[in-house]
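Worksheet: the structure to be examined is printed underneath.
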Amino acid sequence: VRINVFEESSSQNCAKITNSAGEYTVTECTGQFSEDEDYTIGQLLQGNTGGIFEHDNGVTVIDVAEIRRHILAVKELERPYSWIAADISNNGLITTQDLAIITKVILGIGSFQQVPSWRFLPEYVLHPQFMFEPYFDNNPFTAMWYSPEGNRTYLASQSPSGKSYLDDITLNLLDPDVSMSANWSFRGIKTGDVNFNAAVSLPMLNEDYGYTFSADPHTCLETGQTAVVLVKANAPGKIDGYQMGIRFDEGAVQVLGYNQGDVSPFSPDNFGAANLNDGELRTMWIDYAGSPIVLNNTTKTLFKLHVKALRQVCDIADYIELDHTIIENLFYDPDLNLKEVSLALEVQAEEIKHKVLSVYPNPTNDAVAFDVELGEAADMTIQLLDGSNGSLSSSGSYSAGIHTISFASTSALQGSLLSYRVTIGNELYTGNIIKVN
């Protein structure tokens, strides 16, 4: 971790890098504690990148599930540090907007914009001589630190001093407590990691929990032939959520897209295709409303991959496999325990005629649009639904090709989580839209 020690009188910066135990020597910057000199210390953001500062370090679908349970008032997150880790949007609230940002980070298609990857609480602010009121451990979002430099709240924008209590602090070398190492120390809080399992040293290695794909026998795909690959799961009981890193041989198989299987809600936003050209695909599923996938020893199709063979492919499992080095492959039950799941690939002849290409913006504060590709002329209905039986809809007959259907406003719908249903001929696509104020 890079720490900046700033000498106020000379405006000189002294950057220190902690060792593997998180220690640094402050006197290499300050000299002996014998002068009437002020030093400001805090995280050096410009240098804290890569490695343990990767935004997805320690952040998985299980963190999303724990935050979701907090939002739904099923089980509260641990105070105060999990609350701070969950506030991705840095507004002193924990909402579905935070879930949406974390999901994009896990899928490799987004990053934390409002907060850094790690936040550091100075130990100094917890010193008994100072007061947090209301008590920090009760609610970090409403607590105020009564600081000698001016009182500080969680949000710098609402703080009388213009600084958050998570920001840098200033120490005078003649302060009688300045020789205590705790006053130059920090507590690290990994953004998004509410269960505190982020790596704090290199190398960072993902766990391999043994999930693999088997494949049903299928007729060989010839060069240029397209097909649908069903990704199927079978397990006792229920799956509350999952994430997978899928590796495919980009010289043999081209992934053209993905579509809904038996699981709802479905959204193209469940997939991260940033490295698709390198043979990598990430996917994650969780229902923000709290409903699990009920299997009970039956087989369901989680989703469908639309593929094209670039050479003869006779066993799809030789070319599409799970790879925990992309992201950890995780399946868990409603109690957030890892779950044994049998996963299989089934190749079918091309059958999907239509695609929902994108739903945007998501999250949205009002308007929303759908890009839809029709393989042939068809009737299409799009419904937007809230949790209070409110709805908006658009219906019509459309020709083959790509169409954009827009809803100029969703103000008539209530709540922060909307669902959508796109019906095209006899194909149905569903998903969620997060609405923010």
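Points to keep in mind about this one:
- Potential extension, Thr170-Ser358 segment - 0.36 nm per residue separation minus Cα distance: 62.8 nm
- Take the convex hull of the alpha carbons in segment 97-199; its mean projected area over all directions comes to 7.9 nm².
- Efficiency of FRET from Cβ geometry, Ser411 and Glu340, R₀ 41 Å, rounded to 0.05: 0.35
- Segment 120-219: GluC sites (Glu not before Pro) in DSSP loop, at most 16 other beta carbons within 10 Å: Glu149, Glu207
- Residue-count net charge about Thr299 - beta-carbon cut-off 12 Å; Lys, Arg +1, Asp, Glu -1: -1
- Most mobile of Ile88, Ile246, Ile106 in a GNM of the chain (Cα contacts under 10 Å): Ile246
- Summing Cβ point charges (Lys, Arg +1; Asp, Glu -1) relative to the Cα centre of the chain gives a dipole of roughly 1080 debye.
- Of the residues Asp240, Asp175, Asp386, the one that moves most in a GNM of the chain with alpha-carbon contacts below 10 Å is Asp175.
- P(r) of segment 292-437 over all Cα-Cα pairs, binned every 5 Å from zero, in whole percent: 2, 7, 14, 15, 14, 16, 15, 11, 5, 1, 0
- Contact order, relative form, for segment 223-342: 48 percent (alpha carbon pairs under 8 Å, 6 or more residues apart, mean separation divided by residue count).
- Working note: Debye formula, equal point scatterers on the alpha-carbon atoms of segment 225-307, no solvent; log10 I(q)/I(0) at q = 0.17, 0.20, 0.24 Å⁻¹ is -0.71, -0.93, -1.22.
- Each peptide in 301-309, 394-402 receives the mean, over its residues, of other Cβ atoms within 10 Å, and ordering these scores from highest gives 301-309, 394-402.
- Site pair Lys238 and Asn151 shows an inter-label distance of 4.5 nm when each label is modelled 7 Å from Cα along Cα→Cβ.
- Positive-end residue, segment 166-302 charge dipole about Cα centroid, Cβ charges, pick of Thr170, Pro265, Asn234: Asn234
- For segment 76-133, projected area of the alpha-carbon convex hull averaged over all directions, nm²: 5.0 nm²
- Relative to the longest principal axis of the Cα atoms of the chain, the long axis of helix 61-71 lies at roughly 70 degrees.
- Net lengthening on full extension, Leu126/Cys14 (0.36 nm per residue, minus Cα-Cα): 37.9 nm
- C-alpha long axis of helix 96-106 to longest principal axis of the chain, angle in °: 80 degrees
- On the principal axes of its alpha carbon atoms, segment 56-98 extends 26, 21, 19 Å, with the longest extent given first.
- Column: log10 I(q)/I(0), Debye, Cα scatterers of the chain, q = 0.09, 0.13 Å⁻¹: -0.68, -1.16
- In this calculation the C-beta distance from Glu78 to Asp379 is compared with R0 = 45 Å, giving a FRET efficiency of 0.35.
- In a fully extended conformation the segment linking Ala21 and Tyr209 would gain 64.9 nm over its present Cα-Cα distance, using 0.36 nm per residue.
- Length-normalised contact order for segment 290-437 - Cα pairs under 8 Å, 6+ apart - percent: 18 percent
- With contacts taken as Cα pairs under 8 Å at a separation of at least 6 residues, the chain carries a relative contact order of 15 percent.
All of the numbers you see were taken from the coordinates with simple rules; none came from a lab. Keep in mind it's a predicted model, so treat the numbers as computed, not measured. Ideal geometry is used to build each Cβ from the backbone, glycine not excepted, and the neighbour counts take in all protein chains shown.
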